[in-house]
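**Student:** One structure, as structure tokens, below. Some questions next.
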Amino acid sequence: MEGSDRELIEGCRRGERDAFRALFETYQDQIYSIALRFSGNEALAMDIAQDTFLKLFSSMAEFRGDSSFSTWVYRLVVNRCLDHKRRSWRLIPMADKVMAVLRAPGDALHGLLHSEMRGRVQGAVEKLPADQRIVVVLRYTEGLTYEEIAEVLGCSMGTVASRLNRAHKALGRRLSHWKGSSHV
Amino acid sequence: MSDWLERQLAGELTRVAAPNALGIRLGFAPAKRWECPRRALAVAAAVVVIIAGGYAASRTAALDLGQGAARHLRGTETGEFASANAVAVATWLRGEAGGDVPPRPDEGLRPAGGRLIRCDREAATFLQLNARKATILLAHAASDMRGHALTATPEAGCQLCHSL
């Protein structure tokens, strides 16, 4: 565990607000990104990230240092993602996309094409089973190695490789016909 | 897995910055919604001050005008005499305005009464009623036109009197 993390943890255990704030600032992008890439929805990602931080702050005393603190944080957010009930959020991304187009500047053709491809990729990821999806997110959003993913998920590297392989095949099938339009 | 898919996944699933709303939810960031109302309130307060200042200034001017009119009226001695008797009205006007006011039955006007208005200079108004209300203005009592400058105008005001 890094010294900075240790200090933050000790500060949080003492109930120091500044320590909580520093912890939040350190991990907010990481937690929110995983939640967003997993759920595909900003509002749901906010809920997941909020739940994760509340769990993180409330269970700080439970962290015993058996794994790295960042791995422990990953586990918390992954569990929140997997536990979170699928609500009616499938309708919401459409509204998000509409708002994104409305907010887009006039020269946004490039941006729209890019956004379109991002939407395709995100949509294809969303259709993956949750166990494959979380592996993809940890791999490509967080850049974790197979070994690190296995540690976070509590499974073997072989399982990670298998899930990732199946995810790649499914994603390849769903995205292959967009290959020619991905010049952006 | 193709390189293309690897690039797409690596490029499109990147980490993003958490929105400020997350910090607000958790109490680590000031809620911006309180900043906007403060700014809006300041603007609104400034607008109210400007409007109130303008209103107060106009109100002051209006009060000044009103007070001026009141002062003017206090200095104006107005007398009225109501009667359908032409002789009585002429007698009253003669006594008040100091000039002869001949009745004008030939114009079909019936006397209704007399009114004496004292503005800066003396003037008298003779009211008559016929098909419509008419006002006959006399020249200023102190002027050379007194006694022969009769003018009949519908509801003429004191300005016309002064313009004679």
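**Student:** Any residue at all in segment B:20-41 that's part of a helix (DSSP H, G or I), open to solvent by 90 Å² or more (accessible area, probe 1.4 Å), within 30 Å of residue A:123 (Cβ to Cβ) and at pLDDT below 85?
**Tutor:** no
**Student:** The conditions are (1) open to solvent by less than 60 Å² (accessible area, probe 1.4 Å); (2) within 11 Å of chain B (Cβ to nearest Cβ), and residue A:128 fails exactly one of them. Which is it?
**Tutor:** Only one criterion is unmet by residue A:128, namely (2).
**Student:** Further, regarding this structure: So for segment A:21-37 (the condition being within 10 Å of chain B (Cβ to nearest Cβ), over 30 Å from residue A:122 (Cβ atoms), in a helix (DSSP H, G or I) and over 14 Å from the mean Cα position of the chain (by Cα)), does at least one residue qualify?
**Tutor:** yes
**Student:** Okay, next question. Test residue A:173 against the criterion of being within 13 Å of the chain's Cα centre (by Cα) and open to solvent by 50 Å² or more (accessible area, probe 1.4 Å), and give yes or no.
**Tutor:** No.
**Student:** Counting only residues that are touching a helix residue (DSSP H, G or I) at 6+ places or on another chain (Cβ under 6 Å) and surrounded by fewer than 19 Cβ atoms within 10 Å (Cβ to Cβ), how many does segment A:20-39 have?
**Tutor:** Of the residues in segment A:20-39, 1 are touching a helix residue (DSSP H, G or I) at 6+ places or on another chain (Cβ under 6 Å) and surrounded by fewer than 19 Cβ atoms within 10 Å (Cβ to Cβ).
**Student:** Right, something else. So which of A:10, A:42 ends up being more than 10 Å from chain B (Cβ to nearest Cβ) and either at pLDDT below 90 or surrounded by fewer than 23 Cβ atoms within 10 Å (Cβ to Cβ) (or both)?
**Tutor:** Being more than 10 Å from chain B (Cβ to nearest Cβ) and either at pLDDT below 90 or surrounded by fewer than 23 Cβ atoms within 10 Å (Cβ to Cβ) (or both) holds for just one of A:10, A:42, which is A:10.
**Student:** Output the number of the condition that residue A:164 fails; it satisfies all remaining conditions of (1) out of contact with any Lys or Arg (no Cβ under 7 Å at 6 or more places or on another chain); (2) open to solvent by less than 70 Å² (accessible area, probe 1.4 Å); (3) within 11 Å of chain B (Cβ to nearest Cβ).
**Tutor:** (1)
The values are calculated or read from the model by the stated rules, or taken from the named source; none is laboratory data. The structure displayed is predicted, hence computed values, not measured ones. In this analysis, Cβ positions are derived from the backbone assuming ideal geometry, glycine residues included, and neighbour counts consider all displayed protein chains. Side chains included, ligands, DNA and RNA excluded: accessible areas come from the protein's heavy atoms. Shrake-Rupley method; radii C 1.70, N 1.55, O 1.52, S 1.80 Å.
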